[in-house]
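Input: a single structure, listed below in structure tokens.
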């Protein structure tokens, strides 16, 4: 089933009572990739007071996994409003990180909740999206002479090459759009390549 996902990273900044809120949004495929990105943002803004976040994985209509973090803000005032924005946007495989520079004026719990929600809203309004194409994982084993052909056939069906392993034959791991699996399988069979689905 296809659903919208972020096409590229977006960033938006708002200022509330001298506090700066810099919101990033981008495509993530797992909690692990999200946490790696969070570490990158922390390294980019080491002097910021807070790096709050939320993500939603899978089909947004029945998200398989969601998470959030307040990073030292009062519980429920940062991650929750960010996640709340995500849950109303209908976009899957997405994460928002909001970096906060404290401006010296306390916002209070209600003010924080509104500020983080507004920052998340601002970045989601400018986030470009694209349709996620359902993909099937494949492993193809072929002779060395056929490796370039297999790469070419994958390219023709908008397949994604994941890895190539050279032993006594070539093993190619790839993801292929679901609707292209039958056609590609027929081509592989005709050329004596063996394949299996992951």
message = What's the total number of residues in segment 119-148 that are surrounded by fewer than 18 Cβ atoms within 10 Å (Cβ to Cβ) and in contact with a helix residue (DSSP H, G or I) (Cβ under 9 Å, 6 or more places away or on another chain)?
response = 4
request  = Just give me the residues in segment 154-187 being under 22 Å from the mean Cα position of the chain (by Cα) and more than 17 Å from residue 131 (Cβ to Cβ), in sequence order.
outcome  = 161, 162, 163, 173, 174
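Restricting attention to segment 49-70, which residues are outside any strand (DSSP E or B), out of contact with any helix residue (DSSP H, G or I) (no Cβ under 8 Å at 6 or more places or on another chain) and in contact (Cβ under 8 Å) with a residue 12 or more places away in the chain?
Here is the first cut: in segment 49-70, the residues outside any strand (DSSP E or B) are 49, 58-64, 70.
If we keep only those that are out of contact with any helix residue (DSSP H, G or I) (no Cβ under 8 Å at 6 or more places or on another chain) too, we end up with 49, 58-59, 61-62, 64.
Of everything in segment 49-70, those that are outside any strand (DSSP E or B), out of contact with any helix residue (DSSP H, G or I) (no Cβ under 8 Å at 6 or more places or on another chain) and in contact (Cβ under 8 Å) with a residue 12 or more places away in the chain turn out to be 49, 58, 59, 61.
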query = Looking at this structure, is residue 165 modelled with pLDDT of 90 or more and not in a helix (DSSP H, G or I)?
reply = yes
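Residues of segment 162-189 being surrounded by 14 or more Cβ atoms within 10 Å (Cβ to Cβ) and under 13 Å from residue 136 (Cα atoms), which ones? Before you say what the answer is, go through the steps one by one.
Step one: list which residues in segment 162-189 are surrounded by 14 or more Cβ atoms within 10 Å (Cβ to Cβ), which gives 164, 169-177, 180-181, 184-185, 187-188.
Answer for segment 162-189, where residues must be surrounded by 14 or more Cβ atoms within 10 Å (Cβ to Cβ) and under 13 Å from residue 136 (Cα atoms): 173, 174, 175, 176, 177, 180, 181, 184, 185.
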request  = Being outside any helix (DSSP H, G or I) and in contact with a helix residue (DSSP H, G or I) (Cβ under 8 Å, 6 or more places away or on another chain) is the filter here, so list the residues in segment 168-191 that pass it.
outcome  = 169, 170, 172, 174, 176, 191
request  = Go through segment 32-62 and give me each residue that's touching a strand residue (DSSP E or B) at 6+ places or on another chain (Cβ under 9 Å) and over 21 Å from residue 117 (Cα atoms).
outcome  = 33, 44, 47, 58
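Say whether the condition of being buried (at least 20 other Cβ atoms within 10 Å of the Cβ), in a loop (DSSP other than H, G, I, E, B), in contact with a helix residue (DSSP H, G or I) (Cβ under 8 Å, 6 or more places away or on another chain) and at pLDDT below 95 is met by at least one residue in segment 19-36. Steps first, please.
First pass over segment 19-36, keeping only residues buried (at least 20 other Cβ atoms within 10 Å of the Cβ): 19, 21-28, 34.
Of the ones still in play, those that are also in a loop (DSSP other than H, G, I, E, B) are 28.
From the residues that got through so far, the ones that are in contact with a helix residue (DSSP H, G or I) (Cβ under 8 Å, 6 or more places away or on another chain) too are 28.
Narrowing the set further to residues that are at pLDDT below 95 leaves 28.
Yes, segment 19-36 has at least one match.
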message = Against the condition within 18 Å of residue 9 (Cβ to Cβ) and out of contact with any strand residue (DSSP E or B) (no Cβ under 6 Å at 6 or more places or on another chain), how does residue 77 come out, does it pass?
response = no
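Take the conditions assigned to a strand (DSSP E or B) and in contact (Cβ under 8 Å) with a residue 60 or more places away in the chain and apply them to residue 91. Does it pass? Talk me through it step by step, then tell me what you get.
Working: assigned to a strand (DSSP E or B): no; in contact (Cβ under 8 Å) with a residue 60 or more places away in the chain: yes.
Considered against the rule, which asks whether it is assigned to a strand (DSSP E or B) and in contact (Cβ under 8 Å) with a residue 60 or more places away in the chain, residue 91 comes out as no.
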remark   = Per the filter on segment 1-18, residues in a strand (DSSP E or B) and surrounded by 16 or more Cβ atoms within 10 Å (Cβ to Cβ) are 4, 5, 6, 10, 12, 14, 16
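Scan 48, 54 and give me the residue that is in the same structural domain as residue 104 (by TED's automatic domain parsing), crowded, with 20+ Cβ neighbours inside 10 Å and closer than 15 Å to residue 70 by Cβ.
On the way: 48 fails: crowded, with 20+ Cβ neighbours inside 10 Å.
Going through 48, 54 in turn, just one is in the same structural domain as residue 104 (by TED's automatic domain parsing), crowded, with 20+ Cβ neighbours inside 10 Å and closer than 15 Å to residue 70 by Cβ: 54.
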note = Screening 92, 104 for residues that are touching a strand residue (DSSP E or B) at 6+ places or on another chain (Cβ under 9 Å), modelled with pLDDT under 95 and crowded, with 19+ Cβ neighbours inside 10 Å leaves only 92
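The values are calculated or read from the model by the stated rules, or taken from the named source; none is laboratory data. Here the structure is a predicted model, which means the values were calculated and not measured. All Cβ positions, glycine included, derive from the backbone under ideal geometry; neighbour counts span all protein chains shown.
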